[in-house]
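Structure, as structure tokens:
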């Protein structure tokens, strides 16, 4: 279900703010954040003239994303380096070091360079009609909305911790047979840790650092499901045993790098690799037993007969 659009008028232009979630192997790479678009009516159709991607990783902007006639003739290209383009229009990346926060950079750029950008996007008539006083009046509301949407609409998930738990130093593994209402499901492997307190104190929070959903229809895994929640779907042609792939990463000591990418470098630094190696055989054996039980019950590895409850993020 697409996120709601937030629109701000400065005739003939409209500024549109919305949240987008991208999945790895579906939308190029795993990412999420806010899109700020500049649109106007062209031949009776509302058309996107400029698009600014203010994401966790994808910090970029596109001239004329709906203008297939837009060419890159003025791009500086070497003989052995082809231009980098989106499907339509001209694509450029922001530099997060030089440009800073992508929302702030976008608003500042729109206030100072919008007519020139509209011309380059292939819409000189609209550039000439743009009322920059009205634009600058509405931009503070666009910025406030974009910053609020970036925080409020972030897609996160809160899975169950698992029905079978195994301690491994400063982390633990949780195994669970999951079934979604859609009918998809399978064995899930949760990587958990206690953060934000100490186990002897009155407060400690268990957080899911990584989640591996070894489903039979749409297997995928999450980096930081309660944090950035960057989600990647396996290519089932190349990975026909997602659970085996998961344990291969664990055995090859990829956990630290994966936990760091999930947003928990302190947990990654404190991993006890010897302890993890010692418990993995038992975790793997139990996981395969649960997969076999699912096969016996339903014909699909790790799939329980009824939908399992999910602790929804929203």
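Can you find a residue that is more than 14 Å from residue 171 (Cα to Cα), in the same structural domain as residue 169 (by TED's automatic domain parsing) and within 24 Å of the chain's Cα centre (by Cα) anywhere in segment 283-290? There is no residue in segment 283-290 that is more than 14 Å from residue 171 (Cα to Cα), in the same structural domain as residue 169 (by TED's automatic domain parsing) and within 24 Å of the chain's Cα centre (by Cα).
Based on what the data block shows, is residue 188 out of contact with any helix residue (DSSP H, G or I) (no Cβ under 6 Å at 6 or more places or on another chain) and either exposed (fewer than 15 other Cβ atoms within 10 Å of the Cβ) or at pLDDT 95 or above (or both)?
Working: out of contact with any helix residue (DSSP H, G or I) (no Cβ under 6 Å at 6 or more places or on another chain): yes; either exposed (fewer than 15 other Cβ atoms within 10 Å of the Cβ) or at pLDDT 95 or above (or both): yes.
Considered against the rule, which asks whether it is out of contact with any helix residue (DSSP H, G or I) (no Cβ under 6 Å at 6 or more places or on another chain) and either exposed (fewer than 15 other Cβ atoms within 10 Å of the Cβ) or at pLDDT 95 or above (or both), residue 188 comes out as yes.
Do we find that residue 70 is surrounded by 15 or more Cβ atoms within 10 Å (Cβ to Cβ), more than 24 Å from the chain's Cα centre (by Cα), over 18 Å from residue 19 (Cβ atoms) and at pLDDT 95 or above in this structure?
Values: surrounded by 15 or more Cβ atoms within 10 Å (Cβ to Cβ): yes; more than 24 Å from the chain's Cα centre (by Cα): yes; over 18 Å from residue 19 (Cβ atoms): yes; at pLDDT 95 or above: no.
Spelling it out, it is not the case that residue 70 is surrounded by 15 or more Cβ atoms within 10 Å (Cβ to Cβ), more than 24 Å from the chain's Cα centre (by Cα), over 18 Å from residue 19 (Cβ atoms) and at pLDDT 95 or above.
Scanning segment 270-279 turns up no residue that is assigned by TED's automatic domain parsing to the domain that holds residue 173, farther than 18 Å from residue 166 by Cα and surrounded by fewer than 16 Cβ atoms within 10 Å (Cβ to Cβ). Given the condition under 29 Å from residue 44 (Cα atoms), buried (at least 20 other Cβ atoms within 10 Å of the Cβ) and within 28 Å of the chain's Cα centre (by Cα), answer yes or no: does some residue in segment 121-135 qualify? Yes.
Could you tell me whether residue 183 is under 26 Å from residue 34 (Cβ atoms) and not assigned by TED's automatic domain parsing to the domain that holds residue 116? No; evaluated as a whole, the condition is false for this residue.
Screening 224, 244 for residues that are in the same structural domain as residue 289 (by TED's automatic domain parsing) and closer than 28 Å to residue 293 by Cβ leaves exactly one candidate, 244. Tell me whether segment 290-300 contains one or more residues that are touching a strand residue (DSSP E or B) at 6+ places or on another chain (Cβ under 9 Å), part of a loop (DSSP other than H, G, I, E, B) and within 19 Å of residue 187 (Cα to Cα). Yes - at least one qualifying residue is present in segment 290-300. Of all the criteria given as (1) buried (at least 16 other Cβ atoms within 10 Å of the Cβ); (2) at pLDDT below 95, the one not satisfied by residue 146 is (2).
Restricted to segment 142-178, and to residues there that are touching a helix residue (DSSP H, G or I) at 6+ places or on another chain (Cβ under 8 Å) and assigned to a strand (DSSP E or B), the residue that is nearest to residue 206 (Cα to Cα) is 171.
The values are calculated or read from the model by the stated rules, or taken from the named source; none is laboratory data. In this text, all values refer to a predicted model and were calculated from it rather than measured experimentally. We place every Cβ from the backbone using ideal geometry, glycine too, and count neighbours over all the protein chains shown.
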